[in-house]
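Only the coordinates and a few stated rules stand behind these numbers; no lab work does. Values in this document were obtained by computation on a predicted structure and should not be read as measured data. Please note: Cβ atoms are built from the backbone with ideal geometry, for glycine as well, and neighbour counts cover all protein chains shown.
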Amino acid sequence: MARRTSTDLRKHLFHIATLTDLSEEITSHRPFHRTVKATLYMVLGTLSVPRGAIFRFDREELAFVPIAIKGFDASKDNHLPVTRAQMRHLIGRNRYVALGSPPPGLKGFVQGVRDRLAHMQAQYFIPLVTRKELIGAIVLGPKLSRRSYNQEDFDLLPVMSNSIAVAIHNHQMFLSLQEKMREIKQLYENMREIYYDTVKAFAVAIDTKDAFTQNHSLRVAKYAVAIAREMHFSKDDLEGIYIAGLLHDIGKIVIDKVILNKEQTLSKDEKSEIHLHPLIGSEIIRNIKFPWRNIADIIRHHHERGDGHGYPDGLNDADLSLAVKIISFVDAFDAMTTDRPYRRRMSLEKTIDEICAYLNLQFDKRVTNVFFKILKKEITGELPDPQILPNLEVPFDAKIITQLLDALAYELST
Amino acid sequence: MAKFSVTDRVHDKYVVLYVNGYINNLGGEKIDERCSYYLKKGIKNFIINFERTELINSVGISILIGVIEKVLQVKGTLYFTNANRVSKEIFRMLELSKFAKIYDTEEQAVAHLLKKS
Ligand SMILES: [Fe+2]
């Protein structure tokens, strides 16, 4: 009697240890397939059963699909198809199915299971159900000793299978969440792309209005990104400055075409009308919820100058953001190197001279320095993907410009 | 806890597998792997020495049952030796002892095995 009691105690302790191991395993952050495998081993070890498997229920395939197998051939087709009626039976049953004496309504299903799993001599099929939802199943073969399963086994099984059901359910929720996240990210990417295309269409509209400024917005955007990249802007900010470059003159769409293309000197009124375009532009953009920040701000201030003589707000250097300084720099650079209604384009050398003459007044020193560095690298072929030179339609002597830029680099850095 | 490992001693009639560490997770499958390796080489008799194993849980038992099945399949003999009291009780309780002979020492198992053959 004493011996039996000590064995019982040992058994209870072993079962408790298994349940502890089981919950530890399920709450661990190990890869899911390892966790399932370990839990299968725990069930089999505790019941002393050599062969068994854990299945997940695939709602689309309407079948049980093995996710852990022990003691028999895993390469065979071990999928267990199930009908909707059988599914309902399994959910309603909420306990094991003895495959040797199947309940009515599950006879066909059980026959299928026995046929498919003949190589493991399946004896019990335990549906895994949480909250009336079929999650999967555990299938068990005969015991090592060939004895029948006893009451203790049947008491222990639901406890273990519940934990395993929760683990599989959680994992499936995790997977579907991950899938949703992917979808949302894709939607967001699509939205960004649509924005891009829309903005590009706008830029084309702006540029065609002004006969002389074809592709001006696109070049401003490209040049700005080249500088911003050199200045280590984040990916988001690079996109933002690109969009701002494309849209900086969007206010011009409401300015009279005749004024925009006028070759003679503009009257005072005409000038003030043109000077409205940054304000109008920022107002047009302000109500659009862009995924990028500060677009409206950049548009409003792209004609401001560090010396306070810009428009519309006459801001000072300290009030201008780096992005504004970059856009206003490349806007002026492109204006100088292309033909305008009132003058011909300047040579590159003259443009550089002009920039130097207005350094700190109109052109920010840091931005100028970076731009010249990029220009030099593009001339010497150091940049694999040049953005400025291919767009530049002014002739220049590479040697002279390089020497000039070298001398300026020294000056600008002091 | 030291890393789980299995070392072995090969004799022409048998192999002794020395298990170091807890057999409480899938790492224990190394025992199964070593056993399969020698089965393929035609060895049928195995002694598993548990002297350096303090703890065997349900995962460990499941792995050992796998080893038992493989050895039985080739009609070989399996010995478990030097297991502590708790492990021996578990082997009996789960009836692994019906298929693996339990000995207190490796020498006793070797003596039995050699006498038999
Ligand atoms: Fe402008």
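Over all pairs of different C-alpha atoms in the protein assembly as shown, the reciprocal of the mean inverse distance, the Kirkwood hydrodynamic radius, equals 30.1 Å.
Counting other Cβ atoms within 10 Å as a rough exposure proxy, the listed residues A:Asp331, A:Asp307 run A:Asp307, A:Asp331 from fewest neighbours to most. By DSSP, the beta bridges lying fully in chain B are antiparallel in about 30 percent of cases. Compute the label zone of A:His33 within segment A:136-156: residues whose backbone N is under 17 Å from the point 7 Å along Cα-to-Cβ. The answer is none, because no backbone nitrogen lies closer than 17 Å to the label point. Annotation: Cα Rg of segment A:1-125 relative to the compact-globule expectation 2.2 N^0.38 Å equals 1.22. An ellipsoid equivalent to segment A:152-310, defined through the eigenvalues of its Cα gyration tensor, has semi-axes of 55, 15, 13 Å when rounded to whole angstrom and sorted largest first. Legend: ranking of residues A:Glu152, A:Glu378 from fewest to most surrounding C-beta atoms inside 10 Å; resulting order A:Glu152, A:Glu378. Working note: Cα atoms of segment A:107-181, range along each principal axis, descending, whole Å: 49, 28, 21.
Whole-Hz Karplus values for segment A:304-313 come out as 6, 9, x, 8, x, 9, x, 9, x, 9 Hz, taken residue by residue from phi with 6.51 cos²θ - 1.76 cosθ + 1.60 and θ = phi - 60°; glycine and proline positions read x. Placing pseudo-labels 7 Å out from each Cα toward the beta carbon at A:Lys365 and A:Lys180 gives an inter-label distance of 5.5 nm. Note that segment A:345-354 has calculated 3J(HN,Hα) couplings of 5, 9, 6, 4, 4, 5, 4, 4, 4, 4 Hz, one per residue in order, obtained from phi through the Karplus relation 6.51 cos²θ - 1.76 cosθ + 1.60 (θ = phi - 60°); glycine and proline are x. Close amide H partners of B:Asn45, meaning residues 5 or more places away or on another chain with modelled amide H under 5 Å apart, are B:Val15, B:Thr77.
Bridge orientation summary for the protein assembly as shown: considering DSSP beta bridges with both residues in this region, about 65 percent are antiparallel. Overall dimensions of segment A:333-408, expressed as equivalent-ellipsoid semi-axes from the Cα gyration tensor (√(5λ), whole Å, largest first), are 19, 16, 12. Taking the empirical scaling 2.2 N^0.38 Å for compact globular proteins as reference, segment B:5-116 has a Cα radius of gyration ratio of 0.94. Counting only Cβ charges, +1 for Lys and Arg and -1 for Asp and Glu, the dipole size of chain A around its Cα centre is about 3220 debye. For chain B, what does the relative contact order come out to in percent, with C-alpha contacts under 8 Å and a separation of six or more? Reported relative contact order: 23 percent. What the Cα atoms of segment A:210-413 give is an Rg and a Dmax of 16.6, 48 Å. Distance from the C-alpha centroid of segment A:84-107 to that of segment A:245-282: 79 Å, rounded to the whole angstrom.
The relative contact order of segment A:210-413, computed from alpha carbon pairs under 8 Å that lie at least 6 residues apart in sequence, is 21 percent. Across segment A:180-192, computed HN-Hα scalar couplings (Karplus, 6.51 cos²θ - 1.76 cosθ + 1.60, θ = phi - 60°) run 4, 4, 4, 4, 4, 4, 5, 4, 4, 4, 4, 4, 4 Hz from first to last residue, x flagging Gly and Pro. The relative contact order of segment A:161-312 comes to 19 percent, based on Cα pairs under 8 Å that sit 6 or more residues apart. For A:Val367, A:Val254, the sequence from fewest to most other C-beta atoms within 10 Å is A:Val254, A:Val367.
Of the trypsin sites (Lys or Arg not before Pro) in segment A:126-204, the ones in a loop by DSSP (not H, G, I, E or B) with at most 16 other beta carbons within 10 Å are A:Arg131, A:Lys132, A:Arg146, A:Arg147. Starting from the Kirkwood Rh over alpha-carbon pairs, what translational D in µm² s⁻¹ does segment B:1-59 have by Stokes-Einstein at 4 °C and 1.567 mPa s? The estimated diffusion coefficient comes to 110 µm²/s.
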